[in-house]
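The values are calculated or read from the model by the stated rules, or taken from the named source; none is laboratory data. Every value quoted in this text rests on a predicted model; they were computed, and no experiment measured them. Cβ atoms come from the backbone with ideal geometry, glycine included; neighbour counts cover every protein chain shown.
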Amino acid sequence: MSFTTKLKNAISSTGSVLCVGLDPVPEYIPKPLKAAFREDDKLILDFCRRIIEATKPYACAYKPNTAFFEAMGSKGWAVLEKVADMVPSNRILIIDAKRGDIGHTALQYKLAFFEHMSADAITLNPLMGMETIDPFLDDPEKAVFVLAMTSNRGAADLLQRRFEGRLSLGEYIAEELAKKMSKSSSHLGLVTGATQTDWIRPVLKAFPEAHLLIPGVGKQGGNIEDLAEILKDHKGLPVINSSRSVIYAGGDSEDWMEKVSVKAALLKESLNVITKEYV
């Protein structure tokens with residue numbers, strides 16, 4: 001099954017474009033759960049399991065951020081592998097690794113995340129050059145989401161600067177990916193932050209067929225109505241990520257899982273203005 005078909009099916013079956021980001025920090029995990037574990041790796045594994053269970057009716061995708069697992073050393077990597085296995089097979093698993101390196105190194109990243117961890121997609125950083133993406137281009141069941149216009153303020157340092165006659169470096173990256181797409185078996189997508197709506201338009205225009213991973217809704221303040229307006233004419237499929245505002249929605253209450261579930265349901269509903277275009 002191609003990545004695009006699997007993503008379409010995930011959106012259709014859940015009626016949702018919501019992606020739940022898994023960014024587990026032991027200090028933020030609800031106290032009732034934290035009290036049951038002495039070791040952080042076991043705590044995080046159970047926390048992620050419960051988050052997936054609470055949100056799977058409302059999410060088409062999950063995005064573990066490798067940094068939050070790598071912080072625990074080798075135990076964290078083992079947890080990440082187990083969490084990846086927990087994601088339902090009819091959902092999209094996006095490994096948020098933001099890797100980017102020359103060919104033989106990039107190939108090892110591909111083996112780690114696509115072959116060993118069976119991820120459907122990975123996030124990549126293109127700032128070492130577009131050649132760093134080449135090792136990922138040969139599998140129609142996979143996708144890469146390349147940083148083009150991120151949701152953080154630091155996007156102004158590089159991605160929003162004019163480049164080669166384009167309005168931004170992000171627009172140039174999108175153009176180059178559109179060229180590569182004609183020769184790629186894998187799908188090439190874009191990371192475009194919901195907080196950067198003024199900058200997204202030319203990026204999407206440069207690569208209208210790209211599927212999108214869109215962070216910035218939730219704690220970062222991205223506006224869903226503005227996003228819906230920008231996506232009206234975009235041909236690719238959007239996956240809209242929320243991490244902290246969902247996974248920590250329960251605070252330290254005893255019924256924190258129920259509150260996480262309610263938050264995911266409400267966010268799915270608020271995204272219906274976008275989802276309705278794709279189901």
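Taking the listed residues Lys259, Lys235, the one that is in a loop (DSSP other than H, G, I, E, B) and of a type in the set (D, E, K, R) is Lys235, with no other qualifying. Residue-level analysis places Glu229 outside the set of residues that are over 30 Å from Cys48 (Cα atoms), of a type outside the set (S, T, N, Q) and part of a loop (DSSP other than H, G, I, E, B). Residue count for region 37-50 under the criterion of being surrounded by fewer than 16 Cβ atoms within 10 Å (Cβ to Cβ), modelled with pLDDT of 95 or more and not in a helix (DSSP H, G or I): the result is 1. The conditions of being at negative phi, in contact with a strand residue (DSSP E or B) (Cβ under 6 Å, 6 or more places away or on another chain), assigned to a loop (DSSP other than H, G, I, E, B) and not charged (D, E, K, R) are met by Val217. The residues of region 15-36 that are under 30 Å from Val273 (Cα atoms) and buried (at least 21 other Cβ atoms within 10 Å of the Cβ), listed by number, are Ser16, Val17, Leu18, Cys19, Val20, Gly21, Leu22, Pro24. For region 15-32, the candidate set comprises residues that are among the β-branched types (Val, Ile, Thr) and more than 17 Å from the chain's Cα centre (by Cα); within that set, the residue that is nearest to His187 (Cα to Cα) is Val25. In region 51-62, the count of residues that are of a type in the set (Ser, Thr, Tyr) and not in a helix (DSSP H, G or I) is one or more. Of the strands (runs of 3 or more DSSP E) lying entirely inside region 104-199, none contains at least 3 residues that are surrounded by 20 or more Cβ atoms within 10 Å (Cβ to Cβ) and at pLDDT below 90.
Residues of region 168-187 that are of a type in the set (S, T, N, Q) and over 17 Å from Asp139 (Cα atoms): Ser168 alone.
Mind telling me which of the residues Ala59, Ala67, Ala97 ends up being within 17 Å of the chain's Cα centre (by Cα), loosely packed, with under 13 Cβ neighbours inside 10 Å and at pLDDT 95 or above? Going through Ala59, Ala67, Ala97 in turn, just one is within 17 Å of the chain's Cα centre (by Cα), loosely packed, with under 13 Cβ neighbours inside 10 Å and at pLDDT 95 or above: Ala67. Per the conditions (1) of a type in the set (D, E, K, R); (2) closer than 20 Å to Ser2 by Cβ; (3) at pLDDT 95 or above, the sole criterion not satisfied by Lys263 is (2). Please work out if Val217 is modelled with pLDDT under 95, closer than 30 Å to Arg201 by Cβ and of a type in the set (A, V, I, L, M, F, W, C). Considered against the rule, which asks whether it is modelled with pLDDT under 95, closer than 30 Å to Arg201 by Cβ and of a type in the set (A, V, I, L, M, F, W, C), Val217 comes out as yes.
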